[in-house]
Every structure is written in structure tokens, then in C-alpha cells.
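Report on the following structure.
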Amino acid sequence: MLGKLDWSAIPFDQPIPLIAGAVVLIAILAVLIWVVAKGHLPYLWHEWITSVDHKRIGVMYILLASVMLLRGGSDAIMMRIQQAVAYQSQGYLPPEHYNQIFSAHGTIMIFFVAMPFVIGLMNLVVPLQLGVRDVAFPTLNSVGFWLTATGALLVNLSLVIGEFARTGWLAFPPLSELSYSPGVGVDYYAWSLQISGVGTLVAGINLVTTVLKLRTKGMNYLRMPMFCWTTLASNLLIVAAFPILTATLAMLLLDRYLGFHFFTNEAGGNVMMFMNLIWAWGHPEVYILVLPAFGIFSEVVSTFSGKALFGYRSMVLATMAICVVSFMVWLHHFFTMGAGPDVNAIFGIASMIIAIPTGVKIYNWLFTMYGGRIRFETPMLWSVGFMVTFIVGGLTGVLLAVPPADFMLHNSMFLVAHFHNVIIGGVLFGAFAGFEYWFPKAFGFRLDERWGKAGFWFTFFGFFITFVPLYIAGMLGMTRRMQHYDVAAWRPWMIVAAVGMAVLTIGVICQIVQLVVSIRNREALRDRTGDPWDGRSLEWATSSPPPVFNFAFNPDVRGEDAYWDIKASAKQQSVDADRPEYQDIEMPRNSPTGFVCAFFATLMGFALIWHIWWMVILGGLGAWATFVVFAWRDHDEYVIPAEEVAAIDRVNVEERRGLVSMAGTV
Amino acid sequence: MNLLDPQGPVAAANSTILVDSVFIMLVIVVPTIFAILAFAFWFRASNPRARFQPAFVYSGRVEMVVWAIPALTVILLGGVAWIGSHQLDPAAPVPGTGNPVRIQAVSLDWKWLFIYPDQRIATVNTLTVPAGAELNFQLTSSSVMNTFFIPQLGSMIYTMNGMVTKLNLRADNEGKLQGLSAHFSGDGFPDMMFDVNVISPLAFPDWVASTAKTDAVLNEDNYKKLMQQGVEKGRPTYRLEDPRLFDLIATQHIPPGPGPELASEAGPTHSGGHDAR
Amino acid sequence: MSDQTHMPAGHDLAPGDEEQHSVGARILGYVVGLVLALLLTATSFFIAGTDLVWQPSIPVALIVLAIAQMGVHLVFFLHITTGPDNTNNVLALAFGLLVVFLVVGGSVWIMAHLNANMPPMDQIMMRQ
Amino acid sequence: MTMTATAGHAHADPHHIGVVIEHPGPAPKRIVTAYGFWIFLLSDIVMFSCFFAAYAVLVGQTADGPKGSEIFEQGNVAIETVCLLLSSFTCGMASIAADVRNRFWFYLGMAVTCVLGLIFLVLEFREFADLIVRGYGPSRSAFLTAFFSLVGCHGLHVSAGVLWLLTMTAQVFAKGFRADILRRMMCFALFWHALDIIWVAVFSVVYLLGSGT
């Protein structure tokens, strides 16, 4: 009846996950009870869960990412403590638990923190920057989000029901094959990634189509803000790379469920093929994450320097070059497998070639600052911090692309330090910069500067205190994923890294406090202009938060160099010019499709993991039925009447006109 | 285990390339970081002496330079990478004094088996080699992937079941080194460290002779016992019954190692956990 | 980028859509496509089974025929053209094909080198 | 606010591009939908390419089991191919009928497409069942694993296509040729033609190349 599921799946003998799970469960229940008791449930359902508004979905993506950041961060803290104490001893985490933790940490941080964070920001901002009312496929957008959330839910479920993979975040066979990982851990891993992967693919298709086909009048390609360009590049990579992940995991699952022989030791399976395919996805994935961050930094640096972005065309060229070349470098993840000198050298050189456009980007930001009037508000701090940090990451990255150097450093703590250097220093700093920068746009009030800056400094120094020791440990021959070790020389560095982790944690706490403080002081921090930073692109041309239809009139973009002109003209247009006739606006109707679909996906994923076949069929039928019902509906749009548009817009315009005339007198 | 303290020619070349590459890049990275901080500081909004130049958004000259700097660096490093990958290919010969020593390494769950087919001996978790001689490694795995790595001798390489990878090394100085597995392979992975004893070429035959006197014999049956999952705390040595044992493993005539016992099929498995402790 | 120079932006076609033709012309397009595709298929099957052709050249011929047939499908069934109204569609297709080429070609190349460097079982046995 | 005035002039045309044709604004829904689906198809083809790559790598790994030339039946494949080709044609006819809102020809075209698709599926199912009965299932060797996965993946797509076809025909029956249904019909036609293209690669690479030597 319940497949492999029975009481032994609950880890009663392991206090840490059980307590953690209980705490999370109680928290969720408490929130639910509060929501129901306060009568917020209808609001939540109508305004958020079933919403197809790209801004709301963007916010939900970021919320998911933030919650999962805390989960992944807790894993990181546990790992750093374990390695600090487990010198010539077993530490406090037994191997089967420690191995789950580092696997979950990697999986969560990449798939459920970094990905949703950047996708959330893109969702929130790109339609606004393009001057349009929504993304190309609003309902699918909601489906994509909820499927990502399903994946996250399944990963967290593994904490209390069963176990998570003990194979590392990429589940290399044959260790991940049934014979060496007979538990459900790898199944949790694979199914949650398959389900959230569908969500990511949907988001990618959606955003590519949005950028290419939905631009407001006059928004030629070379007038798009840089963030739109990096969004395009990043989502093209999603569309091209995620199917590879889907196929690879499908092969692994076929091996595990139906006795196929793609990657097994037996019957001619080839484990190297998994390495090859997973990295053919894995390397573009890195650029999927970091390209949007590059876009955010471009926006932030130019805004806070009071200048247009330096070398815009170079930036576009560099972005698209990275997009294409990132598909030609994946072998550098397994130089040490022995593919021979020609293959190694060619892929090594191709990997270095990516450093050229990336370097160009750094210099362009540098010269954007040159001759600017730089305001060091929190987003700008993150950006300058990123530039310094990321260069170090780039240096070690190019170093690892030199095969003979990689022969010594592959899989070492040096490598761990390197990719945290680029993922934290690049993606996470970028996500935080974007968060601080666009928060007022999403919610209508700014974030507290003092706590934000404190958060930055703690994170910045915490990062270096944590990861410079790991670089050194790598140079001392320490390899990754050690549950314990007996080498005295490594010990001091692990202790320093644990201290750094504590500093990093303070940084995260500062940001949580910042959020709380800002919400409490929201009236004082209110942004009435819609343009708190003196921004340069169209998202600042509407109110904060924007009305559901974003723009009462689709802006008409003129002028060759988009940024400042667009804003100037857009502002004047919306503030000064006499408004033409207001017209009815059609907006997509809210739909529970995404949520219902995710419900069945969760059911199906869970059933597949535990081999509960009747439930699999139920989930599959349910998902299909959901789509049929969705396809059958007659009215997928509703109309906001012209009077209502006018009423909303006039209030905004009045408010801003007052502010602008005040600003003019200063 | 310091990578910058190489004990053989391969590691020496690797670490020299490593250090060279870092310095080549530092030549541009340091000025760039300095420029970032300097520009950020000088052009702060509160500095009245900084000239505001909002029109400075394009300069053909700067763009040329900006593309040229990373491009030239990459050409230089690319050259190093090309030559380096050919000369330091793991399978490339590393000439040494005296006869080369053939060593067949098998990664087991979770220990290392070193077979000396010509000497007809085998050791577990300890590798004894003569200084100065070329060491020809052939490597495979009894079950899952691992990576064979002696940091101070250089160049790591994967071990995989059903496949044979090749690695040539040389140890120049007598002494004790440590090796490890650099690819996660399961619960006992951290215990896959092994000792490397580099002894004088004169003492090596003696060591072989004394090892060959051991009672323990490594044959197919004993090997199958050895490859069960578990951690080996001792340093057993064996007489090798059949010098073709490695070929039998590599060609899967001896089937791959079994993995954890299936008693714990559902839920968190603890097999190996108690072994590792 | 192309809309910066000459492309009369705004005249886009959906992938799969044809420029306005009469029904007769459209049907004719499909008929031509079907006939060509059937011919190419028949040739493929014929070549694979015959010994009239120099044997080692058969794989090349089959691949060329397959590419030709895919081209026929793209042109006559999917209505992909080089016209300016199709630029975006063709660019997307080109990107997709590039990725396919890189993934398949790269994988085969890498795996061939890996396999060559790690003599599989039969080779070892022959050496004994 | 003093900057705004100067900025307008300074940035008017810094790159001296000259003629610029204004972007006309968001594309109509039909183009947006079809383009999105086009992108999906490309991603689907990338997914297939992985299975092709796996097949290319594993084709020699027969583990003493049968080789391709020993199990492939040319006649069967030829019939399958003709079925799919004809169904592509009839699908094209159905989409023309939908565009001119001719119900009879639309239903006829879709029905024939469906039947041809089903014949294809039955033939493929028979081939698979026959192989499994003979002990040459996907667990027999890595080659058979790759073969079953690649061909089966295409078969699954065809099955999904048939399901989609039936659902959509029912919709036309219930709702008529509404704009959103016509958009879906366009996507379906793209899907069905794309499956045919993939099948061309499958029969060339797997069956024809595999049956020689």
C-alpha cells in the first residue's frame, strides 16, 4: 500500500534532523494558524498563491530563496563546526549524517537559493524594464514557481521522512546507483531536481520569449537595459542546458528504477558518460547564475555613479560571448579523469577564454565609476565588494583551468574555496545588491541603510575569513567532503574558517534585522517618487509598488542611448505631459493552476520516491486533469476599466508631480 | 602534504606552473583591485575635487585596452596550459634511475590496495617505493569512483571500475609522505588516506623480500573479503598468489564490490557507519 | 541587433506560420514536402541495404540524406525561411543546433579519448 | 535634476549608428505563443541530443548480447517511418483546415493523424515487446539500454502527442475555432512535425546505421 514507506523511515535515533524538522513543522503550523485565525487566508489565496502577476511571483521566488538560504546556511554552519572539531575524532556528526548535509547544502544552495533568487529578480524587474505589463506566459510563470517550490519541499521532507542523498550535490554514479545507494536519498535528490527542473525550464522559456517578443514601443535590442540582456543570455542557457540535466537524471533514474545500464558497473554502462553529461549542464549552470548578477551590478554601478554604463556595446558582446562559450568548457571539471593532453588543453584554453569577456565586464564597471559621483548606499557597497571579491575568484578559476595546476587542486578545498568565491562573491552579492536595489520598487519603502551596511561588512569580511583558510587548506593537500581527518596542519585553518562562518552568520542576522527594522519603520522609509535611487531604466518610471498593470500607458522609448534618456523622457511623459485618453486594460486572470499542479507534482514525486505506484498514477492523472481544466476555461483575462486605470494613475501622477516640483526648487 | 613542497619532478613542475600562473595573473589583478578601490574612493559623491564626467561612457581606446589585457593574459596562460598538459600528462613517462617499479592500485570500499605484480607482493593503505625510480601506476577501482592522489608527488587521477587509468610519478627524496582519495566515495571516504614510504633504492629489495615472507596470501577469495565495505585501520601486507589479479579485477572477471548490505533498504542506512567509527 | 539597420521590424511571423497564401498553394507546399521526404526516406532505406554503393561511404550518405530530409521538413512543414520575418525563429533554431552539435560532438569526442586512454577489458585480455 | 537637461544632448547618439528603425512594441499573442513553444521544442531537441549522445557512446557495449544488426527489422521501421511521414502531412492538412475554419476537413485530418500515430505506436510497442520476450530487454546490455531509452523517449513523445491531439480535438468540438485554440493547434502542429524530424534522426542513426556492419 505504501511502497517502501514505513515507520523506520523516521529517524527517531537521530536527534538533530528530528529536532530541526520538528521546529520547522511547528513554525509552519504556527504561521498557518496565525494566517487562518487572522482571516488572511482568502487574501493569501487570491493575492499571492493564485496570482499570475509577475511581480508577485518574483517576490515569492525570492521569499522561497531566502527561506532556503537559511536552511542551506544551517547546513554550512554544521559542516564548518564538524570540520573544526573532527580532528583525530569523529566530531559530532556521524558520516552518514555529515554526508547528507554536504549533499543537501550544495543541492539547496544552487537549485533552491541561487536559482530562485535570480529568477525571482528577473521576474520582478524585467517586464518593468521592458515597459510591458506582464511576462509572455503569466500562468505558466506561476506553474514554474510552484514546481520549484515542490522541489524545495521534497528536499526538506527528506529531513524527517527517510534520508537525503549521501553522494554529493551531483550524485555521481556508481555511488548513486542502486547497488551502492540503496536508500531513498538519491531518489529524493533526483525527483526534486526533475520537478524543479521543469519549473526552471518553464521560467526560462517564459523569460526568453518575454525579452525577445515583448518589448515596449521603441525598445530596440540595443536600448535594452543591461539586466535585460543578461536575462536573455541566462535564460537562453537555461533553455539549452536544463534539458541536459533532465536527460541525465532521467538516465540515472532509469538505472535505479528499471535496471537500465547507463552508468552501472555492469553490462557495459559507462560512469564517465554521467560525468560528461552532468557537467555539460553544470558549467552553463554557473553562468545561468552569474550572468543575471552581472546585469544587476551593471544597473547598480551605473545608477549609483550617476553615469550611463561605460562601454554598453562591449558589455552586450561580452554577455553573448559568455553565453556561447560557456557551452564549450565543461571538460575542465574532470581534467583528472585522463582524457589525454589534447582534450585537456583545448578545454583548458576554452575555459580561460571566458575570462576575457568577464574581465572586460570588470573594466567596464571600473570605467563606469571613473568620472562618476558615487553614492555608497547598500547596493553599491555590495557591487564594489563583488568586484574585489570576484576578481580573486576569477584568478583562482583561471588557475584551475590550467590542467597541470588542476591535477594538484582538483576536488581540493582550494576548489571549494574557488567556487564559493564566485558563487557567494558573484551570485549572492549580486542577489543581495538586487534585493536592496529593487526592494523599494516591490514594496514601496526602502530598507534600513545602517543595518544593510552592517550586513554587508560582516558578510564581506566573514567571507574572506571563511574561505581564505580553505584556499590554504587546499594548498596543504586537503580534499573536500572529509567527515574527519588526522592531519595536524589542516586543523588551525578549519578553526579559522569556523570563526569566519560565525562572522558570516552575523552578516545574515544583520540582514534579517534590517528587514524587520525596515518593516517597522516603513512609513519613514516610504518611497513616494517611484524612483528612490535616481535610477536610469523604465522600472523607475512607475510607482512603487507598481499598479497591477505596471504602466497605464505602454511607454514609448525614444533616443539611442537608452538609460538616462529613457528615464528622463519617461518621467516627463508620466509626470508633465498631458495624459492621453485612458483605455481599458486587459490583464490575465489569476489561476490556481500552478498551485494545484504543484500539489499533484508533490504527490507524484513523493510516491515515486517511495514506490507507491497507485499514488503515482493518481498524481499524473491529476496533473493532466489540471491542464485540461485550465485549457477549457473561457475567460483567461479580465478587464480593468479605463476609469479605474485613470483613478490609480492620477493619484500616482499627482503625488510624483508634487515631489518633482519640490525637487526642482532645490 | 604541502603542495608547494614537492618531493618529485611531477609535483615540482605542477606547483611551478601553479605559482607562475598566479603571478602572471597577479600582475593585472593587483592593479585592477587597486584601481577599483581608488576610483571608488576618489569619485565618491562627497569629494568636491573629483571631476564629474557623465559623458564618459564610451572610448574606443579604452575598449581596445580593456579587451586586450585579458586576451593577452589568456594567450600567455593558454600557451602554458597547452605545453603543460602535454608534458605533464599523467600517462607521460617520467624517466628515473634504475628499473621502473610497476604498481597496480585498486581503490576498495574504503581502503587502497597496492599490488606489486613483478615483486609478487601487495599492501593495503601503505605504499612503499624506492626513491629516484620511475613509478608506473595502473589504477582501477573495485566499486565506486575514487581519485588517487599523493599531494607531494603531484598529478591525481581517477580510478573507475572496469577501466584502467595510468599515472607515472617519481619520488626523489626518502621520507614519509601521505596520499589520499580526492573523490568522495561513501561513508568511509575520509579514512582512505594512505602512507607513502619513500625508501632508498638499496633498501627496496630488502623490503620486498621481507614482505614476501608474510603468511597472508592475496588471492581471489581473500580479495573478495577485502573488498567488503569497511575501514582498515591496520596496514596488512600480502604475498601475491597470481600476478594477474589486477587484470581480473580490471576486466571485471571479479565482479564489482557489493556495496552496503541490503538489510537497511528503506530509511537511513547505517551500514558502514559503525565501521567508520 | 539587426533591427538597427534594415529590418522592417514588426513584420514577424510565428514559427510554423506561412506568409499569406491561398489554400491551394499551401496544400501544394505540403504535397511537395511529402513527396520529397518520401523520396529521401526511400533512398536512405535503399542505400542502407544495397551493395551497389561502396560500403564505407554508406554512413556518410545516410547522414547527408537525413540532414536533407530534416531540411525538407523544416522548409515545407515548418515553413522556416531565410526571410526577415523569420530572423528570430532561425536564430533560435541556430542556437539550438549549435548546442546540439556541441553536446553530441563534444561528448563523442571526449568519450572516445577517455575510452582510448582506459583500455577496456578486451584489449587488456589480448595483451596477456 | 540638473543633469537631465544636459544628458539629453550628450547621449543623443554616442555610437553614431545612423538610421534606426523603431521597435514597434510587443508582438501579437499568436507570435508570442508560437515563439515560446518553438523555444520549448528546441530545448526538447537538446534533451533528445543527450540520448543520442548516450546511444553513440554505448552502441558498442553489447555485453555479449545482441548487436543492432541482429535485432532490427527494416520492414517494420519502414512502415513506421511512412506512418509518421503521412501523419505529418495530414496534420498539416488539419492545420490548414483549422485556419480556414473548415470543421469537416479538420476532424478528418486530425482523425487520420491520430490513427497513423496509433499505428506507429502499436508497431513500436510490438517491436519492444518482442525484444523483451526474447530476453533482449533494456537491462540486457548498455547498448539495449540506450536503444530502448532513445526510441522509447520518442515513443513517449508520440503518445503525449496523441493525448494532446485528442484533448484538443475535443476542445474544438466543444468550443469551436477560438483564437486560443487555434494557437494551440499551431503549437501542436509544430510539435508533431518536430517529432517527425527527430524520427528521421532516429531511423537514420539507430536503425539504418546500426543495421549495417
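Restricting A:Ser176, A:Ser181, A:Ser192 to those that are among the polar types (S, T, N, Q) and modelled with pLDDT under 90 reduces the list to A:Ser181. Taking A:Ala454, is it within 18 Å of A:Val85 (Cα to Cα), of a type in the set (Gly, Ala, Ser), at pLDDT 90 or above and outside any strand (DSSP E or B)? Considered against the rule, which asks whether it is within 18 Å of A:Val85 (Cα to Cα), of a type in the set (Gly, Ala, Ser), at pLDDT 90 or above and outside any strand (DSSP E or B), A:Ala454 comes out as no. Of the residues C:Val103, C:Val35, C:Val72, C:Val108, only one is without any contact (Cβ under 8 Å) to a residue 60 or more places away in the chain and surrounded by fewer than 14 Cβ atoms within 10 Å (Cβ to Cβ); which? Every option except C:Val35 fails the conditions. Checking each residue in region D:98-116 for being within 12 Å of chain C (Cβ to nearest Cβ) and modelled with pLDDT of 90 or more picks out D:Trp105, D:Gly109.
Could you say whether any residue in region A:315-325 is within 7 Å of another protein chain (Cβ to nearest Cβ), modelled with pLDDT of 90 or more and crowded, with 24+ Cβ neighbours inside 10 Å? No, region A:315-325 has no match at all. Using the structure shown, decide if B:Pro205 is within 14 Å of chain A (Cβ to nearest Cβ), assigned to a helix (DSSP H, G or I) and over 24 Å from A:Glu266 (Cβ atoms). Considered against the rule, which asks whether it is within 14 Å of chain A (Cβ to nearest Cβ), assigned to a helix (DSSP H, G or I) and over 24 Å from A:Glu266 (Cβ atoms), B:Pro205 comes out as no. The criterion of being assigned to a helix (DSSP H, G or I) and among the small types (Gly, Ala, Ser) does not hold for A:Ala136.
Filtered by the rule that a residue be assigned to a helix (DSSP H, G or I), at pLDDT 85 or above and not aliphatic (A, V, I, L, M), region A:636-664 gives A:Glu643, A:Glu644. Out of region C:42-64, which residues are in contact (Cβ under 8 Å) with a residue 12 or more places away in the chain and more than 7 Å from chain D (Cβ to nearest Cβ)? Scanning region C:42-64 gives C:Thr43, C:Ile47, C:Ala61. Is it true that some residue in region A:191-207 is over 24 Å from A:Phe145 (Cβ atoms), touching a helix residue (DSSP H, G or I) at 6+ places or on another chain (Cβ under 7 Å) and in contact (Cβ under 8 Å) with a residue 12 or more places away in the chain? No, every residue in region A:191-207 fails to be over 24 Å from A:Phe145 (Cβ atoms), touching a helix residue (DSSP H, G or I) at 6+ places or on another chain (Cβ under 7 Å) and in contact (Cβ under 8 Å) with a residue 12 or more places away in the chain.
Of the listed requirements (1) outside any helix (DSSP H, G or I); (2) within 30 Å of B:Leu245 (Cα to Cα), C:Asp51 misses just one: (2). Of the residues making up region A:404-451, those that are in contact with a strand residue (DSSP E or B) (Cβ under 9 Å, 6 or more places away or on another chain), not in a helix (DSSP H, G or I) and not charged (D, E, K, R) number 5. Of the numbered criteria (1) part of a helix (DSSP H, G or I); (2) crowded, with 19+ Cβ neighbours inside 10 Å, the one A:Ile77 fails is (2). Close Cβ contacts (under 6 Å, 6 or more residues apart or on different chains) running from residues in region B:218-230 that are assigned by TED's automatic domain parsing to the domain that holds B:Ser107 to residues that are charged (D, E, K, R) comprise B:Asn219/B:Glu241; B:Gln229/B:Asp109; B:Gly230/B:Asp275.
The sole residue among A:Leu252, A:Leu309, A:Leu291 that is surrounded by 23 or more Cβ atoms within 10 Å (Cβ to Cβ) and touching a Cys at 6+ places or on another chain (Cβ under 8 Å) is A:Leu291. So, of the residues in region D:157-204 that are over 25 Å from C:Val75 (Cα atoms) and touching a Lys or Arg at 6+ places or on another chain (Cβ under 7 Å), which turns out to be farthest from the other protein chains (Cβ to nearest Cβ)? Applying the filter and picking the extreme gives D:Phe177. Considering only region A:222-334, give the helices (runs of 4 or more DSSP H) lying wholly within it that have at least 2 residues that are closer than 22 Å to D:Phe40 by Cβ and more than 22 Å from the chain's Cα centre (by Cα). Helices (runs of 4 or more DSSP H) meeting the threshold: A:226-258.
Here B:Ser155 fits the description: buried (at least 24 other Cβ atoms within 10 Å of the Cβ), in the same structural domain as B:Ser181 (by TED's automatic domain parsing), in a strand (DSSP E or B) and on the phi > 0 side of the Ramachandran plot. The residues in region A:202-218 that are among the hydrophobic types (A, V, I, L, M, F, W, C), out of contact with any Gly (no Cβ under 7 Å at 6 or more places or on another chain) and more than 7 Å from every other protein chain (Cβ to nearest Cβ) can be counted, and the count is 2.
Yes/no per residue for (1) under 22 Å from C:Gln69 (Cβ atoms); (2) touching a residue at least 60 places away in the same chain (Cβ under 8 Å); (3) of a type in the set (Val, Ile, Thr); (4) crowded, with 22+ Cβ neighbours inside 10 Å:
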| residue | (1), (2), (3), (4) |
| --- | --- |
| D:Phe125 | no, no, no, no |
| D:Ala129 | no, no, no, no |
| D:Val133 | no, no, yes, no |
| D:Phe143 | no, yes, no, yes |
| D:Ser159 | no, no, no, no |
| D:Arg183 | no, yes, no, no |
| D:Trp199 | yes, yes, no, yes |
| D:Gly210 | yes, yes, no, no |
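If you go through region A:191-213 and keep only what is over 17 Å from the mean Cα position of the chain (by Cα) and either of a type in the set (S, T, N, Q) or surrounded by 24 or more Cβ atoms within 10 Å (Cβ to Cβ) (or both), you end up with A:Trp191, A:Thr209, A:Thr210, A:Val211. For B:Val10, the conditions (1) in a helix (DSSP H, G or I); (2) at the interface with chain A (Cβ under 7 Å from one of its Cβ atoms); (3) aliphatic (A, V, I, L, M); (4) surrounded by 18 or more Cβ atoms within 10 Å (Cβ to Cβ) all hold with the exception of (2).
Residues of region B:167-181 that are touching a helix residue (DSSP H, G or I) at 6+ places or on another chain (Cβ under 8 Å) and either at the interface with chain A (Cβ under 7 Å from one of its Cβ atoms) or in a strand (DSSP E or B) (or both): B:Asn168, B:Leu169, B:Arg170, B:Ser181.
For region A:453-471, residues that are of a type in the set (A, V, I, L, M, F, W, C) and surrounded by 20 or more Cβ atoms within 10 Å (Cβ to Cβ) total 6.
The values are calculated or read from the model by the stated rules, or taken from the named source; none is laboratory data. Everything numeric here is computed off the predicted structure, so don't read it as measured data. Backbone-built Cβ (ideal geometry, glycine too); neighbour counts: all protein chains shown.
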